[in-house]
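Peer 1: There's a structure below that I have some questions on.
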Amino acid sequence: MKRIFMITLIAVLTAGCGNAQSSNANQQAIKTVGVADFAKTIEQKHVRLIDVRTAKEYAEGHIAGAELIDVRAADFAKRTIGIKGTVAVFCRSGKRSLMAAELLAKQGCTVYNLDGGILAWQKAGKPITKVETDIFATRSGRLVKIHALMHSCIRIEYNGHEIEIDPCAKLNSRTVDYSAMPKADIILVTHEHFDHYDSATISLLSTGKTQLIMNKRCADLYGKGTVMKNGDRKQLADDITIEAVAAYNTTKGHRDFHPKGRDNGYILTLDGLRIYIAGDTEDIPEMAKIKDIDIAFLPCNQPYTMTPDQLAKAAKTIKPKTLFPYHYGETNVSGIPAQLKAIGIDVRIRHYE
């Protein structure tokens, strides 16, 4: 009996020591730092920046490049399960972010926690933004940062590359300050409508090394650029490919807006991560051939593109892992997540009005 008791006691003590060692390791993986050190940390391209506050707080302003993952939301564990490497977290004052840091450290991350939160950041005179950012990892762990600028304007950062999709500086009362952004390595333009093709902004973002990909009509208007037609594929770098795919209207009375064969959608592949940027299109038959999409941008504003029901149908055909409705103007897209919940598509509504 005494022997059994001793064995049990040793087991309990050993488990306790193991938990203590694990706890100490977790604490060592968490570095609570001030504003200056935090700013230096997030300048490194491999660091994943996460705002762990609520969606309302995030919308009011956040540190540029931060993605929103609310630490108190039911899906926090699901959203962070695959995150590895170095992560920087912040909240309002530093309490919620420390909670998030402990959870991330348990799965092996090195975590930098902003002491004093965004309040300290602003007190130090650091800027904030309202541009929404989503971050994904490629098959080899490289980060892809997707910034929702407006309407059909998308900025993508990947492995030191700056990629701009349909860059336009002004749309009604909304503007994008492209002069504050880095020059583009790659610019993709889907077609010549004013909310997709802006020659002045293309010129502003371009250097002698910028790869400018367009349909023929845009290249004719701009006077240069690499023309891609539906079905073309091009290798832009060792780990970057682009495919031009069909984008057109099918509804009677709408076909002249985007006639078949003129405009492009694109499939951009970054180190195996496949991103489908549909351009202005309806739910066309060619979508049945679009496979293995990780992230899809689908437009939603009839009469020019799709209705919410058409978009849901297109999403069920393509089956992307993550879907961003975009180019939606005044169309109500709030019901789309519920339409696609049953098939497991992660629908993210951003300010792509």
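Peer 1: From the list A137, A148, which residue is surrounded by 17 or more Cβ atoms within 10 Å (Cβ to Cβ), under 21 Å from I63 (Cβ atoms), of a type in the set (G, A, S) and within 18 Å of the chain's Cα centre (by Cα)? Write out each step before concluding.
Peer 2: Numbers: A137 fails: surrounded by 17 or more Cβ atoms within 10 Å (Cβ to Cβ).
Answer to the selection: A148.
Peer 1: Could you say which residue among Y248, Y328, Y352 is more than 18 Å from R233 (Cβ to Cβ) and outside the structural domain of I165 (by TED's automatic domain parsing)?
Peer 2: Y352
Peer 1: For segment 199-216, enumerate the residues that are more than 10 Å from N264 (Cβ to Cβ), part of a helix (DSSP H, G or I) and not hydrophobic (A, V, I, L, M, F, W, C).
Peer 2: S199, T201, S203
Peer 1: Here's another thing I want to ask about it. Quick test for you: out of A296, A312, A244, A237, pick the one residue that is more than 24 Å from G344 (Cβ to Cβ) and crowded, with 23+ Cβ neighbours inside 10 Å.
Peer 2: Being more than 24 Å from G344 (Cβ to Cβ) and crowded, with 23+ Cβ neighbours inside 10 Å holds for just one of A296, A312, A244, A237, which is A244.
Peer 1: Among the residues of segment 138-159, is there at least one that is in contact with a Ser or Thr (Cβ under 6 Å, 6 or more places away or on another chain), among the hydroxyl-bearing types (S, T, Y) and more than 20 Å from H351 (Cα to Cα)?
Peer 2: Within segment 138-159, not a single residue is in contact with a Ser or Thr (Cβ under 6 Å, 6 or more places away or on another chain), among the hydroxyl-bearing types (S, T, Y) and more than 20 Å from H351 (Cα to Cα).
Peer 1: Can you tell which of T269, T201, T251 is buried (at least 19 other Cβ atoms within 10 Å of the Cβ) and more than 21 Å from E132 (Cβ to Cβ)?
Peer 2: T269
Peer 1: Out of Q107, Q122, I need the residue that is free of Cβ contacts under 8 Å to residues at least 12 places away in the same chain and more than 30 Å from L188 (Cβ to Cβ). Which one?
Peer 2: Answer to the selection: Q122.
Peer 1: Taking Y112 as meeting all but one of (1) in contact (Cβ under 8 Å) with a residue 60 or more places away in the chain; (2) in a helix (DSSP H, G or I), write down the number of the exception.
Peer 2: (2)
Peer 1: May I ask you to list pairs of residues, at least six apart or on different chains, whose Cβ atoms are under 6 Å apart, with the first in segment 200-222 being charged (D, E, K, R) and the second being crowded, with 18+ Cβ neighbours inside 10 Å?
Peer 2: If the second residue must be crowded, with 18+ Cβ neighbours inside 10 Å, the pairs left are R217/E192.
Peer 1: Go through segment 95-109 and give me each residue that's of a type outside the set (G, A, S) and either buried (at least 17 other Cβ atoms within 10 Å of the Cβ) or not in a loop (DSSP other than H, G, I, E, B) (or both).
Peer 2: Listed by number, the residues that qualify are K95, R96, L98, M99, E102, L103, L104, K106, C109.
Peer 1: Against the definition (on the phi > 0 side of the Ramachandran plot, at pLDDT 95 or above and buried (at least 17 other Cβ atoms within 10 Å of the Cβ)), how does D283 come out, yes or no? If you could, list the steps in order and put the result at the bottom.
Peer 2: Details: on the phi > 0 side of the Ramachandran plot: no; at pLDDT 95 or above: yes; buried (at least 17 other Cβ atoms within 10 Å of the Cβ): yes.
Taking the combined requirement at face value, the residue does not satisfy it.
Peer 1: Any residue at all in segment 179-198 that's within 26 Å of H327 (Cβ to Cβ), outside any helix (DSSP H, G or I), without any contact (Cβ under 8 Å) to a residue 24 or more places away in the chain and not assigned by TED's automatic domain parsing to the domain that holds D70?
Peer 2: Yes, the conditions are met somewhere in segment 179-198.
Peer 1: Is one or more of the residues making up segment 154-173 modelled with pLDDT of 95 or more, assigned by TED's automatic domain parsing to the domain that holds C300 and under 14 Å from R262 (Cα atoms)?
Peer 2: no
Peer 1: Select from segment 46-60 the residues that are surrounded by fewer than 20 Cβ atoms within 10 Å (Cβ to Cβ) and either closer than 12 Å to I135 by Cα or in contact with a helix residue (DSSP H, G or I) (Cβ under 8 Å, 6 or more places away or on another chain) (or both) and list them in ascending order.
Peer 2: H46, V47
Peer 1: If you don't mind, another one. Please go through segment 315-346 and pick out each residue that is of a type in the set (A, V, I, L, M, F, W, C) and closer than 28 Å to H193 by Cα.
Peer 2: Residues satisfying the conditions are A315, I318, L323, F324, V333, I336.
Peer 1: For segment 67-94: of the residues being in contact (Cβ under 8 Å) with a residue 12 or more places away in the chain and among the basic types (K, R), which is surrounded by the most Cβ atoms within 10 Å (Cβ to Cβ)?
Peer 2: In this case the residue turns out to be R92.
Peer 1: So F136 fits all but one of (1) in contact with a Leu (Cβ under 8 Å, 6 or more places away or on another chain); (2) not assigned by TED's automatic domain parsing to the domain that holds N249; (3) not in a strand (DSSP E or B); what number is the exception?
Peer 2: (3)
Peer 1: Another question about this same structure. Could you tell me how many of the residues in segment 296-338 are part of a loop (DSSP other than H, G, I, E, B) and more than 30 Å from G272 (Cβ to Cβ)?
Peer 2: 11
Peer 1: OK, next. From I293, I267, I275, which residue is in a strand (DSSP E or B), farther than 22 Å from I69 by Cβ and in the same structural domain as N159 (by TED's automatic domain parsing)?
Peer 2: I267
The values are calculated or read from the model by the stated rules, or taken from the named source; none is laboratory data. The model shown is predicted, which means the values in this text are computed figures rather than measured ones. All Cβ positions, even for glycine, are placed from backbone atoms using ideal geometry, and neighbour counts span all protein chains on display.
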